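S.K.: Take a look at this one; I'll ask things after.
The values are calculated or read from the model by the stated rules, or taken from the named source; none is laboratory data. Worth saying up front: this structure is predicted, and the values here are computed from it rather than measured. Ideal geometry is used to build each Cβ from the backbone, glycine not excepted, and the neighbour counts take in all protein chains shown. We work out accessible area using only protein heavy atoms, side chains counted, and drop any ligands, DNA or RNA first. Shrake-Rupley method; radii C 1.70, N 1.55, O 1.52, S 1.80 Å.
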Amino acid sequence: MTKMPEHSPQLVTIQNSKRKALAQGQAIVSEDFVALTRLDNGEKWLSEWVNSPARFDAQELVVVTANRDKNRLIEGFLSLYYFNEAGVIPAAKGWERFVAILRNNDRPFEGSFAYRIWKASQTDEPVWYAEECLIYSDVSFAGELQALGPFDIKNNLPADADTMASLTVRYRLYRSANDFDYTFRQLLHTHPRYAEYRERILIPIADELACLISVATGRRLIGDSVASRWFGLSPDPLGEARDPGPRPKIQAQRHRSILPYYFSRERDNLATAEPVLRQYFSLSAPLAARFLRAAVLYKKALLQSDLEPDLAWIWGVGAIEALAEVPGDHAGALNRFVRFLIAHLPPPPPVRPPRGELTWDSSLKKSFEQIYAYRSDFLHAGHQFPSPMSRPPENLSAFFRKEEISGAEVFSERPRGGIGIGPTRYESEACPMQLHVFLYIVQGCLLKWLDLTSKAESAAAPTLPVSSRLEVTITPAADRIRVVVVDEDQTVVQDEKLPKADLLSSTLMNILPSGYEVSEIVLLRTSEVPAGAPASENLAESVTLPKEGDAPGDGGREGASNM
């Protein structure tokens, strides 16, 4: 169990959300726990909670001081973390001396697991340990992504198969990101915490990255939920291998696919995913969670496209709705869906039929309205999408001269009329576009929203002037270095001490205030700097920065450099 914080007991009253007193007694109260050391009344409430089927559910409680002032100590969702069924043992020194311990799960939303470890990696917190997970796909990739925050995404160069372990993601873990509890609640949109609680999302780290890479590349990926190797939890520097379990199966048609260009494309280079990942992790936690929900649905649409095309349509529409949604407002969903698509419409696909296809402008509004109507009929009445919209598109290559076609083959963007199943036939007006075109639009809208939103958040952040000098003062006998950031006016804007082992150019860049760039790095020895002299006049001896990995890191940093 987690070590209890050292606090003095105090008399408290525990109330429900309507401020009705449930129990009184003596407790140690911290930011994370309410540890009852004595219970004066409230045995009935506590015993009912312990014995109910909802024992592990959190209750919305308020803990106040049991005095006239009623000072509020904790307000939020608390769960029953420990209960002493044998009663309090006065002589006990450990957990047994408590009647019960309530854990505070009402933590501010700080993002998904991968998002939190990215943010933790931007601080001086040491690495706890590391894991590796596999990411499966039906295609292979080119390139790798190294040292992308806490992530290394390695290319496994797999043999061609229907489902391949195409990538391995290695990620560093941090205690602050790992020891985090959320209480998932169904709250009314009028509840004061509704906007915050609705953002919470459970997804394994590897699958979160798989969703983001899917959006960046348009490829089917599935991230494993079980690590295949651990580092830092055993003496073996090569880590401990684990069986990740059965391999998932990606079902796709390599011939006559509903996504006709999928397998004929060149291999995607993972470098194309890097800016998408960086933009995602630069968002605020609620906006990142919103984009992640959309990315999850887009990935589902790709995975279901050849297996259950109707579901792929649903997931594709849902991805747009996830970004266009106004929390708590369920009216006007159709208008928000259409406006979002028109506002974020990507450029036309690179390979298109020369004639007779979709008009790529705001006139697509009618098509989007039809698609949303089919979505509603499917969800609320069980009506399938028109069958021509859920079939592989027609190959039109034979209808055009080779010089008219930009690719080896070209496929229709909307079904022709008169196609159906059995006696049922659909007119062309009833089939606004093919699924591969719609998913192309969805992917482009997601990427455009991410680009615009990340730039808007960056522009809204306070901007600072550009620094012309980064001064590093080294004291020969000390184990720490002093890093001073000086702006163009020779004004000190950052003064920080770091372990000498962190004398790496990449680490020094990380401590700069947001908005600063460095045009010059000056390294000085303290013994050679006359007191009060300007830094620019004291370059008696230069010190060369060691290369990445040459200097041992402190704590978790050393482990990270071996990964």
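S.K.: Considering only residues that are charged (D, E, K, R) and under 16 Å from Val296 (Cα atoms), which ones fall in segment 199-247? Give the steps one after another, and end with the answer.
M.R.: Restricting attention to segment 199-247, the residues satisfying the condition of being charged (D, E, K, R) are 199-200, 207-208, 219-220, 224, 229, 236, 240, 242-243, 247.
Glu199, Arg200, Asp207, Glu208, Arg219, Arg220, Asp224, listed by residue number.
S.K.: A further question on this structure: Among the residues of segment 320-337, are any within 17 Å of Met433 (Cβ to Cβ) and either aromatic (Phe, Trp, Tyr) or crowded, with 20+ Cβ neighbours inside 10 Å (or both)?
M.R.: yes
S.K.: Something else now. In segment 15-51, which residues are part of a loop (DSSP other than H, G, I, E, B) and open to solvent by 40 Å² or more (accessible area, probe 1.4 Å)? Give the derivation first.
M.R.: If we filter segment 15-51 for residues that are part of a loop (DSSP other than H, G, I, E, B), which is where we start, we get 17-20, 30-32, 42.
Passing the criteria: Ser17, Lys18, Arg19, Lys20, Glu31, Asp32.
S.K.: Can you list residue pairs whose Cβ atoms sit under 8 Å apart, with the first residue in segment 306-318 being without any contact (Cβ under 8 Å) to a residue 40 or more places away in the chain and part of a helix (DSSP H, G or I) and the second being open to solvent by less than 20 Å² (accessible area, probe 1.4 Å) and among the aromatic types (Phe, Trp, Tyr)? Count only pairs 6 or more apart in sequence or on different chains.
M.R.: Close Cβ pairs satisfying both conditions: Trp315/Tyr298.
S.K.: Against the condition surrounded by fewer than 16 Cβ atoms within 10 Å (Cβ to Cβ) and under 30 Å from Tyr197 (Cα atoms), how does Ser284 come out, does it pass?
M.R.: On the way: surrounded by fewer than 16 Cβ atoms within 10 Å (Cβ to Cβ): yes; under 30 Å from Tyr197 (Cα atoms): yes.
Answer is yes for this residue.
S.K.: Please go through segment 56-65 and pick out each residue that is outside any strand (DSSP E or B) and touching a strand residue (DSSP E or B) at 6+ places or on another chain (Cβ under 6 Å).
M.R.: Ala58
S.K.: Tally time: how many residues in segment 246-300 are assigned to a loop (DSSP other than H, G, I, E, B) and either under 23 Å from Leu157 (Cβ atoms) or more than 19 Å from the chain's Cα centre (by Cα) (or both)?
M.R.: Within segment 246-300, residues that are assigned to a loop (DSSP other than H, G, I, E, B) and either under 23 Å from Leu157 (Cβ atoms) or more than 19 Å from the chain's Cα centre (by Cα) (or both) number 23.
S.K.: I'd like to verify a number: residues in segment 146-160 that are open to solvent by less than 30 Å² (accessible area, probe 1.4 Å), of a type outside the set (S, T, N, Q) and in a strand (DSSP E or B), how many?
M.R.: The total comes to 4.
S.K.: If you don't mind, there's one more thing I want to ask. Exactly one condition in (1) in contact with an Asp or Glu (Cβ under 9 Å, 6 or more places away or on another chain); (2) open to solvent by less than 60 Å² (accessible area, probe 1.4 Å); (3) not in a helix (DSSP H, G or I); (4) not aliphatic (A, V, I, L, M) is not met by Phe378; state its number.
M.R.: The one condition Phe378 does not meet is (3).
S.K.: Continuing with the same structure: Taking segment 353-375, which residues are in a helix (DSSP H, G or I) and among the charged types (D, E, K, R)? Give the derivation first.
M.R.: Keep residues of segment 353-375 that are in a helix (DSSP H, G or I), which gives 362-375.
Selection gives Lys365, Lys366, Glu369, Arg375.
S.K.: Considering only residues that are buried (at least 22 other Cβ atoms within 10 Å of the Cβ) and part of a loop (DSSP other than H, G, I, E, B), which ones fall in segment 121-144?
M.R.: Within segment 121-144, Val127, Asp138, Phe141 meet the criteria.
S.K.: Name every residue in segment 203-235 that is small (Gly, Ala, Ser) and either touching a strand residue (DSSP E or B) at 6+ places or on another chain (Cβ under 6 Å) or more than 12 Å from Ala295 (Cα to Cα) (or both), in order of residue number.
M.R.: Ala206, Ala210, Ser214, Gly223, Ser225, Ala227, Ser228, Gly232, Ser234 - these are the residues of segment 203-235 that are small (Gly, Ala, Ser) and either touching a strand residue (DSSP E or B) at 6+ places or on another chain (Cβ under 6 Å) or more than 12 Å from Ala295 (Cα to Cα) (or both).
S.K.: Would you mind stating whether Tyr262 is closer than 30 Å to Ser121 by Cα and open to solvent by less than 30 Å² (accessible area, probe 1.4 Å)?
M.R.: no
S.K.: Mind listing just one residue for me: the one in segment 338-353 that is free of Cβ contacts under 8 Å to residues at least 24 places away in the same chain and of a type outside the set (Gly, Ala, Ser) and, of those, most open to solvent (accessible area, probe 1.4 Å)? Step through it out loud before you land on a result.
M.R.: First, pick out the residues of segment 338-353 that are free of Cβ contacts under 8 Å to residues at least 24 places away in the same chain: 339, 343, 348.
Within this subset, residues satisfying the condition of being of a type outside the set (Gly, Ala, Ser) are 339, 348.
Details: Arg339: 144, Pro348: 61 Å².
Only one residue fits best here, namely Arg339.
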